[in-house]
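Engineer: After the structure tokens below, expect a handful of questions from me.
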Amino acid sequence: MQGNKMIRLNCDMGESFGIWKMGADEQIMPYISLANLACGFHASDAVTMNRSVELAKKDNVTIGAHPSYQDLVGFGRRSISCSLEEIKSKVLYQLGALYAFCKSHGTTVAYVKPHGALYNDMMRDQNIYKAILSAVAAFDKNIKLMILSNPNNEAFEYTAKMYGITLIYEVFADRNYNDDGTLVSRMLPNAVITDELEIMQRVKTLKEYGFLESINSKRLYLKADTICVHGDTEDALNFVKSLYKVLN
């Protein structure tokens, strides 16, 4: 299987809140293509959203909404029991908030990438996935949805087409995968890969040959439109710069 020569970097951003600052958004923004901007439910506030949109537009970075469960205390990393109507409404609410700031700056929301627990729940529960698709479609069918690329992409794509939504396939270079294409749980010790050289080699392999190796060395052939990088880790800027060089 051929790799994808045009893999873009995406990063979760705009996650400061009030006087609390998170991430090196200003430094990292020029090296990414897609900015997933928090919408107020797990992080961010009105001023932060406004500044984040302004920053992304200045660096010509595509803007995506990063909605979550309503969980500021848990940073959106806890699953919260919600009805499907609630999930659809919460995604619409957050998407609309970010869109207002985009409109004020003469730009727009190009895609949605759910955050944290909502992202994980979307990937394991088709009903939650459909609720999110329904929210995006109700707002604007030109907005895409970012999902975790996996060996079962065809099923996700079939469902997305029912709602008229195009998917963006995301891969994590610094996370270990199970043999079935799911991410190793962060509750386990080997969930995150910290060796930068190993991560860079994984990205090169994905770009050239289209696969990543699972934690058990099984080759996982994954469609990769974008790789997620994290802007809030130690030495994040140099890490993002290194990935940028590998992909460009």
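The values are calculated or read from the model by the stated rules, or taken from the named source; none is laboratory data. Since the model is a prediction, treat every value here as computed from it, not as a measurement. Neighbour counts are summed over all protein chains in view; Cβ atoms, including those assigned to glycine, are modelled from backbone coordinates with ideal geometry. Accessible surface is based on the protein model in full, side chains and every heavy atom, while ligands, DNA and RNA are left aside. Shrake-Rupley method; radii C 1.70, N 1.55, O 1.52, S 1.80 Å.
Engineer: Mind checking the dipole of the chain: about its Cα centre, +1 per Lys or Arg Cβ, -1 per Asp or Glu Cβ, Debye to the nearest 20?
Structural biologist: Computed charge dipole of the chain: roughly 560 debye.
Engineer: At 1.4 Å probe size, with the rest of the protein present, what percent of the exposed accessible area of segment 85-173 is carbon and sulfur atoms?
Structural biologist: 49
Engineer: Ok, one more. Can you tell which of Leu98, Ser16, Phe41 lies farthest toward the positive end of the dipole of the chain, using +1 and -1 charges on the Cβ of basic and acidic side chains (Lys, Arg; Asp, Glu)?
Structural biologist: Working it through, the farthest residue towards the positive pole turns out to be Leu98.
Engineer: Straight-line reach from Lys88: which lysines have a Cα under 19 Å away, not including same-chain ones fewer than 8 places off?
Structural biologist: Cross-link targets: Lys113, Lys130, Lys141, Lys144, Lys161.
Engineer: Can I ask one more? As an exercise, identify the trypsin sites (Lys or Arg not before Pro) in segment 1-62 lying in DSSP coil whose Cβ has no more than 12 other Cβ atoms within 10 Å.
Structural biologist: Within segment 1-62, the qualifying trypsin sites (Lys or Arg not before Pro) (loop, at most 12 other Cβ atoms within 10 Å) are Lys5, Lys21.
Engineer: Starting from the Kirkwood Rh over alpha-carbon pairs, what translational D in µm² s⁻¹ does segment 40-97 have by Stokes-Einstein at 25 °C and 0.890 mPa s?
Structural biologist: Taking Rh from Cα pairs, D becomes 197 µm²/s.
Engineer: Amide H to amide H under 5 Å from Leu9: which residues, 5+ apart in sequence or cross-chain, H placed 1.01 Å off N in plane?
Structural biologist: Ser33, Leu34, Ile227
Engineer: So for segment 66-201, what are the equivalent ellipsoid semi-axes in whole Å, largest first, each being the square root of 5 times an eigenvalue of the Cα gyration tensor? Show your work: numbers first, answer last.
Structural biologist: Numbers: eigenvalues 134, 59, 55 Å².
They are 26, 17, 17 Å, listed largest first.
Engineer: How compact and how long is segment 88-168, expressed as Rg and Dmax of its alpha-carbon atoms in Å?
Structural biologist: Answer for segment 88-168, Rg first and Dmax second: 12.4, 40 Å.
Engineer: If you build the Cα gyration tensor of the chain and take the root of 5 times each eigenvalue, what three semi-axes come out, in whole angstrom, biggest first?
Structural biologist: Semi-axes (√(5λ), whole Å): 26, 22, 17.
Engineer: Taking every pair of Cα atoms in segment 1-109, average 1/r, invert it to obtain the Kirkwood radius, and report Rg/Rh to two decimals.
Structural biologist: That ratio is 1.00, to two decimals.
Engineer: Using Cα-only point scatterers and the Debye equation, what is log10 of I(q)/I(0) for segment 195-248 at each q in 0.22, 0.28, 0.30 Å⁻¹, rounded to two decimals?
Structural biologist: With one equal scatterer per Cα and no solvent, log10 I(q)/I(0) is -0.90, -1.21, -1.28.
Engineer: Would you mind putting 93-99, 215-221, 74-80 in packing order, based on average other-beta-carbon counts within 10 Å, highest first?
Structural biologist: Ranking the peptides 93-99, 215-221, 74-80 by packing returns 93-99, 74-80, 215-221.
Engineer: Determine the distance separating the Cα centre of segment 125-160 from the Cα centre of segment 195-216; give it in Å without decimals.
Structural biologist: Between the Cα centre of segment 125-160 and that of segment 195-216, the gap is 26 Å.
Engineer: Okay, moving on. Helices from the chain with mean Kyte-Doolittle at least -0.5 and a Cα length along the axis of 27 Å or more, per DSSP H: which?
Structural biologist: Numbers: long enough: 84-104 (30 Å, 0.29).
Those that pass (Cα extent of 27 Å or more, hydropathy at least -0.5) are 84-104.
Engineer: Using a Gaussian network model on the chain with a 10 Å cutoff between Cα atoms, which of Met29, Met200, Met187 fluctuates the most?
Structural biologist: Met187
Engineer: Right, something else. Could you order peptides 155-163, 63-71 by the average number of other Cβ atoms within 10 Å of their residues, highest first?
Structural biologist: 63-71, 155-163
Engineer: Also, I was wondering about something else. Given the rule -39500 (n - 2.57) for each run of at least 4 DSSP H residues, summed and divided by the residues of the chain, what is its mean residue ellipticity at 222 nm, to the nearest 500 deg cm²/dmol?
Structural biologist: -12000 deg cm²/dmol
Engineer: Which GluC sites (Glu not before Pro) does segment 168-248 hold that lie in a coil by DSSP with at most 14 other beta carbons within 10 Å?
Structural biologist: On the way: sites: Glu170, Glu196, Glu198, Glu208, Glu213, Glu234; in loops: Glu234.
Passing sites in segment 168-248 are Glu234.
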